[in-house]
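**Q** Below you'll find the structure I mean.
What follows is calculated from the coordinates using simple rules that are stated; it is not laboratory data. Remember, it's a predicted structure, so these values are computed and weren't measured experimentally. Every residue, glycine among them, receives a Cβ derived from its backbone with ideal geometry; neighbour counts consider all protein chains shown.
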Amino acid sequence: MRILSGLQPTGRLHIGNYFGMMEPSLRLQHEGEAFYFIADYHSLTSLHDAKQLRENVRDLAIDFLACGLDPEKAVFFKQSEVPEHTELAWILSTITPMPMLENCHSYKDKTAHGIVANVGLFTYPVLMAADILIYDSDLVPVGKDQKQHLEVARDIATKMNHTFGEGTLKIPQPRIREETAVVPGLDGQKMSKSYGNTIGLFEEEKALKKKIMGIPTDSTPVEEPKSTENSSILNLYRLFASDAEYAQMEADFRKGGIGYGEFKKRLLEKTWTYFADARAKRAEIVANPQYVDAVLKAGAEKARAVATKTIARVRTAVGL
Ligand code: ADP
Ligand code: TRP
């Protein structure tokens, strides 16, 4: 079974990204042949700063490896090292109906927020379809927000097969993680870099402390019971603590006698220790920059070997 997923290098990862997509993808690397890539072509639709893009790509690669991506198990590479993605995207775009893309929420949302869309943003789902189809992927694990893009990929593949012959492209299956609760941000809304309410995965200790101790709370006095409903402290603690620890904190909220400062300290402690191993691994990787380059280079070679076969098959099917 071939598993494929991609991540845009648009900024430092936060714990919403981690629990929403990275951790589930890392678990899947043990269940099949995983292909994970850094979607740098995609990020060009919103990021036009060469230095920043290079830094983001590097950080994302390091973070992914630090969190447990095993290059012996998963093929890990940069999308732009396999230019066949864009060639396939062009071919797919010639059979993709305009209305299919005009209907995509992510495009509609962005333009509704006043962003003047570039052509790349509009055709983003076609490139994403190419990313998936070029590896004959069986399974694509993504977050809920990508569900529609996956349907587009399946529709495009089906249309290619009808037009140019069954077997031209493999129809992928989505694995939508409906069950992943939305990770709340420091202010209780969905954690998102656009809301400025994130906790970074590899935050400095001081910065992490400042963020967690600064979580807004109500003015319930120390001795009184605290509301457990919609508490950012509890909701974040749930991600890091064992069931027993979580139940204990919930009970302590209800009982009263403990102030929010104490609960925040417990959350801080758990958050910090949860990523301790990854932090140590990250420091090791940062000290050895050639390692990252070597992993990405080897990954690109393996990916390209598959991609060139698919593109040859598609070129023949369409008559190029
Ligand atoms: P952001 O909202 O910070 O811009 P992205 O849109 O780049 O994050 O998200 C990349 C992936 O991370 C998404 O596909 C989504 O599945 C996951 N993700 C982002 N934020 C959260 C969150 N708060 N809770 C769960 N998953 C999230
Ligand atoms: N669009 C995805 C996101 O923003 C990233 C992505 C690009 C992707 N190509 C992909 C995900 C192919 C899965 C498969 O999260």
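Residues checked against (1) of a type in the set (Ser, Thr, Tyr); (2) without any contact (Cβ under 8 Å) to a residue 60 or more places away in the chain; (3) closer than 17 Å to residue 13 by Cα:
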site: 231; (1), (2), (3): yes, yes, no
site: 239; (1), (2), (3): no, no, yes
site: 257; (1), (2), (3): no, yes, no
site: 273; (1), (2), (3): yes, yes, no
site: 290; (1), (2), (3): no, yes, no
site: 294; (1), (2), (3): no, yes, no
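Yes/no matrix, rows are residues, columns are (1) part of a helix (DSSP H, G or I); (2) of a type in the set (D, E, K, R):
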{"residue": "233", "(1), (2)": "yes, no"}
{"residue": "237", "(1), (2)": "yes, no"}
{"residue": "245", "(1), (2)": "yes, yes"}
{"residue": "257", "(1), (2)": "no, no"}
{"residue": "266", "(1), (2)": "yes, yes"}
{"residue": "285", "(1), (2)": "yes, no"}
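**Q** Restricting to segment 181-201, and then to whatever is more than 16 Å from residue 239 (Cα to Cα) and within 16 Å of the chain's Cα centre (by Cα), can you tell me which residue is farthest from ligand 1 (Cβ to nearest atom)?
**A** 194
**Q** Go through (1) more than 13 Å from residue 310 (Cα to Cα); (2) among the β-branched types (Val, Ile, Thr); (3) assigned to a helix (DSSP H, G or I) for residue 171 and report which single condition fails.
**A** Among (1) more than 13 Å from residue 310 (Cα to Cα); (2) among the β-branched types (Val, Ile, Thr); (3) assigned to a helix (DSSP H, G or I), the lone unmet condition for residue 171 is (3).
**Q** Could you check segment 91-128 and list, in sequence order, the residues that are among the hydroxyl-bearing types (Ser, Thr, Tyr) and touching a residue at least 60 places away in the same chain (Cβ under 8 Å)?
**A** Matches in segment 91-128: 96, 124.
**Q** If only one of 246, 237, 260 is under 24 Å from the mean Cα position of the chain (by Cα), of a type in the set (Phe, Trp, Tyr) and surrounded by 14 or more Cβ atoms within 10 Å (Cβ to Cβ), which one is it?
**A** It is 237.
**Q** Scan segment 39-63 residue by residue and report those that are assigned to a loop (DSSP other than H, G, I, E, B) and among the aliphatic types (A, V, I, L, M).
**A** If the condition is that a residue be assigned to a loop (DSSP other than H, G, I, E, B) and among the aliphatic types (A, V, I, L, M), then 39, 44, 47 are the ones that fit.
**Q** Now a separate question. Could you please give the count of residues in segment 3-15 that are within 12 Å of ligand 2 (Cβ to nearest atom) and in contact with a Ser or Thr (Cβ under 8 Å, 6 or more places away or on another chain)?
**A** 6
**Q** Which condition breaks for residue 137 when tested against (1) farther than 23 Å from residue 67 by Cβ; (2) away from ligand 1 (no atom under 15 Å from the Cβ)?
**A** All conditions pass for residue 137, except number (1).
**Q** Here is a further query. Return the residues of segment 11-59 that are among the polar types (S, T, N, Q) and crowded, with 17+ Cβ neighbours inside 10 Å; say none if nothing qualifies.
**A** 17, 25, 29, 43, 45, 56
**Q** Mind checking whether some residue in segment 162-174 is surrounded by 16 or more Cβ atoms within 10 Å (Cβ to Cβ) and within 15 Å of ligand 1 (Cβ to nearest atom)?
**A** Yes - at least one qualifying residue is present in segment 162-174.
**Q** Okay, moving on. What helices (runs of 4 or more DSSP H) lie completely within segment 81-125 and have 1 or more residues being closer than 23 Å to residue 54 by Cα? Step through it out loud before you land on a result.
**A** Details: elements: 84-93, 98-102, 105-112.
The helices (runs of 4 or more DSSP H) meeting that bar are 84-93.
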